[in-house]
Structures are given as structure tokens and as C-alpha cells.
1. When both residues are 6+ apart or on different chains and their Cβ atoms are under 8 Å apart, which pairs have a first residue that lies in the stretch 1-30 and is in contact (Cβ under 8 Å) with a residue 60 or more places away in the chain, and a second that is not basic (Lys, Arg) and not in a helix (DSSP H, G or I)?
2. Have a look at ASP131, ASP127, ASP99, ASP62 and point out the one that is touching a helix residue (DSSP H, G or I) at 6+ places or on another chain (Cβ under 6 Å) and acidic (Asp, Glu).
3. Which residue pairs have Cβ atoms under 6 Å apart, sit 6 or more places apart or on different chains, and have a first residue in the stretch 66-84 that is among the polar types (S, T, N, Q) and a second that is open to solvent by less than 20 Å² (accessible area, probe 1.4 Å) and assigned to a helix (DSSP H, G or I)?
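The values are calculated or read from the model by the stated rules, or taken from the named source; none is laboratory data. Everything numeric here is computed off the predicted structure, so don't read it as measured data. In this analysis, Cβ positions are derived from the backbone assuming ideal geometry, glycine residues included, and neighbour counts consider all displayed protein chains. With ligands, DNA and RNA removed, areas are computed over all heavy atoms of the protein, side chains included. Shrake-Rupley method; radii C 1.70, N 1.55, O 1.52, S 1.80 Å.
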Amino acid sequence: MLDATLHLLAEVGYTRLTVEGVAARAGVGKSTVYRWWPSKSALVIEALGTQWDDSPIELTGDSRADIHGIVQAALDGYGRSPLGAAVPGLAVDLMCDPDGAESFEALLQPRRGSLGAILEEAANRGDLPPDTDALLLQDILVGTLLYRLLVSRRPTDGVVEKLVDLFLDGQVPRTVPENQQKV
């Protein structure tokens, strides 16, 4: 059923995915699906969890490289995976589903924990202020990526570097004059 969910998610997206469609693809009755998962969101979250890479991030000891690496991995994950495609519709459903929201947060927690550890280590090395709010920085990083990917659909080229520069150097992102942009 989880494989059927992932295949349908890739084919039709979260919004058009139905429990009936998953049941038909898996060759089971709809009641069988509901016996294991109380909602479409619960089914999708568990299916996505089978694909989620929560292996530990290898730290280099270089704050810039470590932050860049994990933020780039998040961009790639949200931009090129079933998770990224599912997030908009799933987010709508999770607004009315506290249990689902909790499950989704649990799915994301290992990666958030890794990013938090990287930010805390950067603060310990003096690359960030010692009282850095790592949770808020995580929200800013991932929120920026999700907004770019899902709402504004603006290009993400260079956004990871600009975020890292902002956090580590206080370098406010600047626009590049049109006559200086790469073709």
C-alpha cells in the first residue's frame, strides 16, 4: 500500500491522490487502507517516511560547508522529491489534523536535529553568536526554500549561498544588476 501511495503520488500529486485510488492500485479494499491509516495524510506521511533519508550528516568542521551542505540537501529534497510535491496539499490537510501534523513533524525531526546541531556547533566555534536561536534559523532557512519552491516559484539558484552568507557574515542579499547577470 505504501508503494502504491508513492507511485500514485508521483503520478497524480497529493491533491488528486485518493484512498480509493491507493486501494485499487494495491489490490485491496478501501477499508483495509483505513484499518491501517486513519486519513490520506497519515498514509502519505508514512509512505514518504519510507523514502526519507534520515542518515546522519557528515560534519566537516567548517561551519560554512556544513550549513551549505544541509541546506542544499533540503533544497534538493523539497525541490526534486515526492515530499516536495506533496507539501502544499499536505500542509492544507495538516492544518485541520493535529495528529497528522505531529507525525509530519516527527518525519522531519531527524533532519531538523542535524541542522540544529550544525548551527549549535557553528555557535560553539564562534561562527555564530553564542545565543543563536537555532530553531528560528532553521525555520528561516527552510521557510525561504519552501516559499521559493512552492509559492513564488522564483529561481533558487544561489539562494543557499546567500542564506549562508547572511547567517555567517551578516551579508544582506543583494540583487545583481541585469547587465551583470549570467546568461
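1. Close Cβ pairs satisfying both conditions: LEU9/LEU17.
2. Sole residue among the options that is touching a helix residue (DSSP H, G or I) at 6+ places or on another chain (Cβ under 6 Å) and acidic (Asp, Glu): ASP127.
3. Matching pairs, first to second residue: GLN72/VAL160.
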